[in-house]
1. Given the options 203, 221, 115, state which has the largest fluctuation in a GNM of the chain using a 10 Å cut-off (strictly under) for Cα springs.
2. Just the number, please: percent antiparallel of the DSSP beta bridges in the range 100-236, rounded to the nearest 5.
3. For the chain, modelled as a GNM with alpha-carbon contacts under 10 angstrom, which of 102, 152, 39 fluctuates the most?
4. Between the range 114-175 and the range 1-70, what is the separation of their alpha carbon centroids in Å?
5. Find how much the distance from residue 71 to residue 210 grows on full extension, using 0.36 nm per residue of separation minus their present alpha carbon separation; answer in nm with one decimal.
6. State whether the chain is rounded, prolate or oblate according to the following rule on the C-alpha gyration tensor (a ≥ b ≥ c being the square roots of its eigenvalues): a/c under 1.5 gives rounded; otherwise a/b larger than b/c gives prolate, and the remaining case gives oblate.
7. Comparing 35, 154, 58, which has the greatest mean-square fluctuation in the GNM of the chain with Cα pairs linked when under 10 Å apart?
8. Helix-derived [θ] at 222 nm for the chain: sum -39500 (n - 2.57) over DSSP H runs of at least 4, divide by residue count, nearest 500?
Ligand code: PGA
């Protein structure tokens with residue numbers, strides 16, 4: 001079964017979150033995970049839903065105002081965190097922190113969902129595979145192979161996030177195939193790769209023809225629970 005992660009980003013009020021949880025809590029989607037703002041994670045866990053953090057501190061504990069530590073997420077019952085989302089790389093210089101954040105999560109036996117992907121210019125200049133390879137290498141740096149196995153990758157071309165522009169199936173298949181082969185050859189394990197970038201109910205039928213995708217990271221289309229449920233039901 002494919003993994004589906006709804007990334008709410010910085011959206012939804014407390015009231016909207018309550019309605020959202022009410023809608024999903026009695027349903028039995030064991031492959032669907034929710035990544036709300038960290039202040040709402042506890043509510044998802046309490047409702048028996050799978051909660052994913054959108055980010056984690058690069059530091060273990062201490063004087064880092066505003067940060068949330070991996071051990072604190074783990075204490076709540078959160079076992080997954082997104083790391084290196086392109087919005088964090090763009091606005092918060094996460095490129096340099098991704099490796100440390102992954103290490104913090106692995107120390108807590110949590111599973112990182114590592115986002116990687118090229119921008120439009122890198123795609124146009126045919127540099128996208130180089131970019132992908134560098135992002136993996138940087139993220140995996142100095143981590144023992146046995147721990148790397150807990151990492152999931154989300155391939156998210158930046159030019160597709162929130163734009164409604166979706167790569168062709170061939171373009172997605174090429175990159176996912178490349179990631180899987182690279183990780184297998186260099187780190188000797190089979191990594192799961194999600195696709196993310198404008199996944200919605202209009203394009204899902206086409207995306208579902210991709211053979212090597214293990215799931216989806218969904219932004220905008222996860223914000224309305226009925227739309228998200230439709231999407232879930234269109235994914236096999
Ligand atoms: P989008 O966002 O589905 O709204 O394009 C995806 C993401 O950023 O994870």
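1. 203
2. Working: 0 of 10 bridges.
Bridges in the range 100-236 that DSSP calls antiparallel: roughly 0 percent.
3. Sorting by GNM fluctuation, first place goes to 39.
4. Computed from Cα coordinates, the inter-centre distance equals 23 Å.
5. Details: separation 139, 0.36 × 139 = 50.04 nm, distance 3.63 nm.
Between residue 71 and residue 210, full extension yields 46.4 nm more.
6. Working: a/c = 1.56, a/b = 1.08, b/c = 1.45.
It comes out oblate by the Cα gyration axes.
7. 58
8. Working: 11 runs with 96 residues, N = 236.
Taken over the chain, the calculation gives -11500 deg cm²/dmol.
Throughout, read-outs are computed from the coordinates displayed, never taken from laboratory work. Keep in mind that this is a model prediction, so the values were computed, not measured. Reconstructed Cβ throughout: ideal geometry from the backbone, glycine too, with neighbour counts over all protein chains shown.
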